[in-house]
Amino acid sequence: MKYTIKQLAAELNLSRNTVAKVLNGKSGVSPKTEKLVMDRIRALNNEEEAAQSSETETAPAQNMTVSSEPAQNRGNILFLTRTSFNHSDFWIVVMKGIEKVLKANHYGMVIGIMDNQDIEKLRFPSIITHPDTCGIILVELCDIRVCEAVLSYQLPTVTLDMPREYESFLGKMDIVTMENKKHICEIVSALVHKGFTRFAFAGDLSSGNVSHGFQERYDAVCETLGQYNLSLLSDSCFLRETDQLFLNSVYLTEKLKKLREIPEVYICGNDWTALQLASALQLLGYRIPEDISIVGFDDINEAARAVPPLTTIHTNKEYLGIAAANCILNRITNPDIPYQYCQYMTELMLRKSTVDLSDCL
């Protein structure tokens, strides 16, 4: 099923400009309206999934897509992502950068959203086979099976981040990612110099969709601690919890209550995980950072608004989108050029969820 911005706006009784602002990550839209638009997109995806369940297993997938408009005469780029109710801020801002470049070069953008069942069954939006689809940008889809299946469509493909075991994709798709280790190593070292010794990591490292970047963040913690003859408190880590479990405050608080040892520091795979964990700890009466310091990654909008504001590592999400769009347009124009592996630096954002580290950094 394909929805245009015009159709979505009419259904929600909003202006096309408002819906476009939400999808492009622009300011000037209230959180309530943004949630309304994103909830409707997710609902459409669920409705389509329900419709598909009544068809045979061999029926083609018709996942929900929303297209930029007006349609551009050079074709469309498919922005393919997974259902991301908990990370929407990340990919919406990435999409803003992509859309800026595509529009300037007379290409349209079509959004395809895959849920966990789509990923499991390799069920792609039907727009992927449309003659106007000229290329694919993957965001938050790092499952090896998905990446292999996408390549079978023989379209120019760029991935933002990459599968944990990414080596087989080198020379087959262009890769744009962020540097993941430098600032984690710095902040772990600074905390050790402050006298902290009990560290744990929070973030799913067990699912099939784990990215190489996520794994690098975990590795950076372990490697840095090793330099000081320290190691993670493995029993206090959250390494197998899915997004759904991190949403479950009862599960988080019960697990925290059962820990034999509460860490002094939690390093988290991303901001959303850090914010869920911080909330659960606060429900149990722990003070941040007086009792526990917490560090995230990505610098989503909610990080600065949290109480206390979250120390994190800023990724220039809009520029990652710009780089990915430039990369795929270059691939379309010059299909035989060498494949790119581009990594962009990040920035450490010290806020109040950690003790004062200004004298150590």
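The values are calculated or read from the model by the stated rules, or taken from the named source; none is laboratory data. What you see is a predicted model, and the numbers here were worked out from it, not measured in a lab. We place every Cβ from the backbone using ideal geometry, glycine too, and count neighbours over all the protein chains shown. Note: areas computed on protein heavy atoms with side chains; ligands, DNA, RNA excluded. Shrake-Rupley method; radii C 1.70, N 1.55, O 1.52, S 1.80 Å.
Listed values, structure above:
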{"item": "M349 long-range amide H proximity, modeled H, under 5 Å", "result": "T312, I313, H314"}
{"item": "Simple label model, 7 Å out from Cα along Cβ direction - I337 to K172, nm", "result": "2.3 nm"}
{"item": "Additional length obtainable on full extension of the chain from R74 to Y344, 0.36 nm per residue less Cα span", "result": "94.3 nm"}
{"item": "Partners for K194 among lysines (Cα-Cα distance below 21 Å; same-chain residues under 8 apart left out)", "result": "K181, K182, K352"}
{"item": "Cβ crowding within 10 Å averaged over residues, with 91-97, 255-261 ranked highest first", "result": "91-97, 255-261"}
{"item": "Helix axis angle, 271-283 relative to the chain longest principal axis, alpha carbon, degrees", "result": "50 degrees"}
{"item": "Antiparallel DSSP beta bridges within the chain, as percent of all bridges there, nearest 5", "result": "15 percent"}
{"item": "Cβ-Cβ FRET estimate between Y319 and N248, R0 fixed at 41 Å, reported to 0.05", "result": "0.75"}
{"item": "Region 70-155 shape via C-alpha gyration tensor axes, a/c threshold 1.5", "result": "oblate"}
{"item": "Computed magnitude of the charge dipole of the chain (debye, nearest 20; Cβ of K, R +1, Cβ of D, E -1)", "result": "780 debye"}
{"item": "Protein accessible area in the chain, 1.4 Å probe - carbon and sulfur %", "result": "49 percent"}
{"item": "Coil-residue GluC sites (Glu not before Pro) of region 164-197, DSSP, other Cβ within 10 Å capped at 13", "result": "E165"}
{"item": "Per DSSP, loop trypsin sites (Lys or Arg not before Pro) in region 157-253 with at most 11 further Cβ within 10 Å", "result": "R240"}
{"item": "17 Å cut-off, amide nitrogen to a point 7 angstrom out along N116 Cα→Cβ, residues in region 193-219", "result": "203-211"}
{"item": "For T157, distant residues with modelled amide H under 5 Å away", "result": "I136, D174"}
{"item": "For region 281-361, size of Cβ-based charge dipole, Lys and Arg +1, Asp and Glu -1, in debye", "result": "180 debye"}
{"item": "Spacing of the two label points (7 Å from each Cα toward its C-beta) at D356 and S15, in nm", "result": "4.7 nm"}
{"item": "Reach of K255 by Cα under 16 Å, taken over aspartates and glutamates that are not fewer than 8 positions away in the same chain", "result": "D204, D235, E241, D243"}
{"item": "For the chain, built as a Gaussian network whose Cα springs stay under 10 Å, the top-fluctuating residue of L252, L284, L102", "result": "L284"}
{"item": "Approximate spin-label separation L230-E261, in nm, with each point projected 7 Å along Cα-to-Cβ", "result": "1.2 nm"}
{"item": "Surface accessible to a 1.4 Å probe, per residue, for the residues of the chain, Å²", "result": "44 Å²"}
{"item": "Positive-end extreme of charge dipole, the chain - chosen from N316, T159, Q340 (charges on Cβ)", "result": "N316"}
{"item": "Expected 222 nm ellipticity per residue - DSSP helices of 4 or more, -39500 (n - 2.57), all of the chain, to 500", "result": "-12500 deg cm²/dmol"}
